[in-house]
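Contents: one structure, followed by commentary.
The values are calculated or read from the model by the stated rules, or taken from the named source; none is laboratory data. Everything numeric here is computed off the predicted structure, so don't read it as measured data. With ideal geometry, Cβ positions are generated from the backbone for all residues, glycine too; neighbour counts draw on all protein chains shown.
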Amino acid sequence: MSPSSSSHPLVPYGWDADWETAFAPYADQGLVAGRVVRVDRGLCDVVTPGGTVRADTEFVVPRDPMKVVCTGDWAAVDPEGASPRYVRAYLPRRTAFVRSTSSKRSDGQILAANVDHAVVAVSLAVELDLGRAERFLALAWESGAQPVVVLSKADLVPDPATLAHLVQDVGTAAPGVPVLTVSALHGDGLDVLRALIGTGTAVLLGQSGAGKSTLANALVGADVMDVRAARDVDGKGRHTTTTRNLLPLTGGGVLIDTPGLRGVGLYDAESGVGQVFSEIEELAARCRFHDCSHESEPGCAVAAAVALGELPVRRLESYRKLVRENQWIVAKTDARLRAEIRKDWKRKGAEGRAAMQAKRGRWA
Ligand code: GDP
Ligand code: ZN
């Protein structure tokens with residue numbers, strides 16, 4: 001990074017030499033660079049070198065919901081003085097978090113862009129649910145971010161041997177992923193986590209109650225997130241955090257914490273699932289049949305590893321479950337796409353008929 005860019009006011013928000021290069025054509029047009037900190041109803045807050053500005057996203061409203069401006073995007077905004085100030089474009093995303101939306105609409109929804117680290121919080125206050133951790137990890141890998149597992153509330157497991165055992169257990173479910181223990185209450189392990197996510201942008205994933213808000217407060221160094229106990233006072237379990245969704249951390253780096261990321265689901269996460277279960281995919285490559293289902297085929301390397309005790313049955317079952325779930329989501333999406341295409345044809349047909357009638361009218 002050049003000396004000039006390291007003192008750039010957007011560096012605390014994740015600005016780097018590559019973003020600067022990508023932005024150059026927009027700078028030439030007199031547009032201002034900024035990072036989107038939140039989006040609501042066609043407007044967004046963008047942090048720019050001149051402060052946070054409210055910008056209109058109407059200029060970039062594609063039909064594809066994945067292409068709308070979202071938190072974490074690097075935007076090119078109209079210069080000061082323009083009214084309204086439009087987001088004219090955003091830079092190509094390095095990574096993206098997407099969720100499958102409610103059952104009625106199965107298309108994806110973009111939740112956060114340009115995330116480098118996905119912190120999966122797993123609470124040590126309750127029994128470990130490795131399947132759930134694997135699901136969050138699939139999502140993390142799929143986004144393009146590097147996952148890290150944080151076993152939270154480590155103060156509740158005072159015995160070091162037990163703690164080491166739990167770390168090892170989680171490690172088998174998370175190949176290629178660092179597993180840390182953290183107590184936000186005592187501050188233990190926070191430095192290691194800060195060092196890991198100190199460059200770039202992080203998000204917190206994990207089940208409700210896993211300690212994400214507490215962790216966010218500890219990392220940001222201020223009470224920016226309501227902790228669950230307070231949040232659930234209204235009994236509706238509503239997320240009432242009203243603070244900004246993108247925050248610089250005291251130890252460097254940026255945290256994105258949008259309400260939507262909390263209940264995130266799989267969305268076309270085939271490659272993410274593959275990465276969570278990389279050892280199974282490696283075994284599968286050695287099965288005799290390339291389309292082996294690892295059920296009862298001869299020459300199945302996966303079944304052999306299970307028989308030898310090298311692959312836990314739980315892992316294989318969890319893998320199957322996530323693959324099935326993912327296929328179901330993809331099929332749902334395809335059905336929706338098919339319906340949309342049909343609608344488009346109908347519309348075109350109607351337009352064609354109308355044009356035909358207009359023509360006939362004219363010639364009559
Ligand atoms: P979230 O739903 O994932 O955001 O979880 P919260 O941050 O709201 O935490 C859920 C509960 O766990 C709260 O009652 C916290 O006080 C508690 N908690 C969070 N971190 C720790 C910790 O490090 N140690 C202990 N003992 N409790 C914690
Ligand atoms: Zn097989």
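What the table shows:
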item: In segment 126-185, the residues that are without any contact (Cβ under 8 Å) to a residue 60 or more places away in the chain and basic (Lys, Arg); result: Lys153
item: Out of Ser318, Ser296, sole residue that is more than 12 Å from ligand 2 (Cβ to nearest atom) and either hydroxyl-bearing (Ser, Thr, Tyr) or touching a His at 6+ places or on another chain (Cβ under 9 Å) (or both); result: Ser318
item: Criterion (surrounded by fewer than 16 Cβ atoms within 10 Å (Cβ to Cβ) and modelled with pLDDT under 70) met by exactly one of Thr250, Thr240; result: Thr240
item: Residues (within 14 Å of ligand 1 (Cβ to nearest atom) and hydrophobic (A, V, I, L, M, F, W, C)) located in segment 195-224; result: Val203, Leu204, Leu205, Ala210, Leu215, Ala216, Ala218, Leu219, Val220, Val224
item: Any hit, segment 1-11, residues being under 28 Å from Arg99 (Cβ atoms) and in contact with a strand residue (DSSP E or B) (Cβ under 6 Å, 6 or more places away or on another chain); result: no
item: Residue in segment 175-185 that is farthest from Glu127 (Cα to Cα), counting only those that are at pLDDT below 95 and more than 7 Å from ligand 1 (Cβ to nearest atom); result: Gly176
item: Count of segment 302-347 residues which are among the aromatic types (Phe, Trp, Tyr) and modelled with pLDDT of 85 or more; result: 1
item: Residue match in segment 185-200 (condition: hydrophobic (A, V, I, L, M, F, W, C), away from ligand 2 (no atom under 16 Å from the Cβ), in contact with a strand residue (DSSP E or B) (Cβ under 8 Å, 6 or more places away or on another chain) and assigned to a strand (DSSP E or B)); result: no
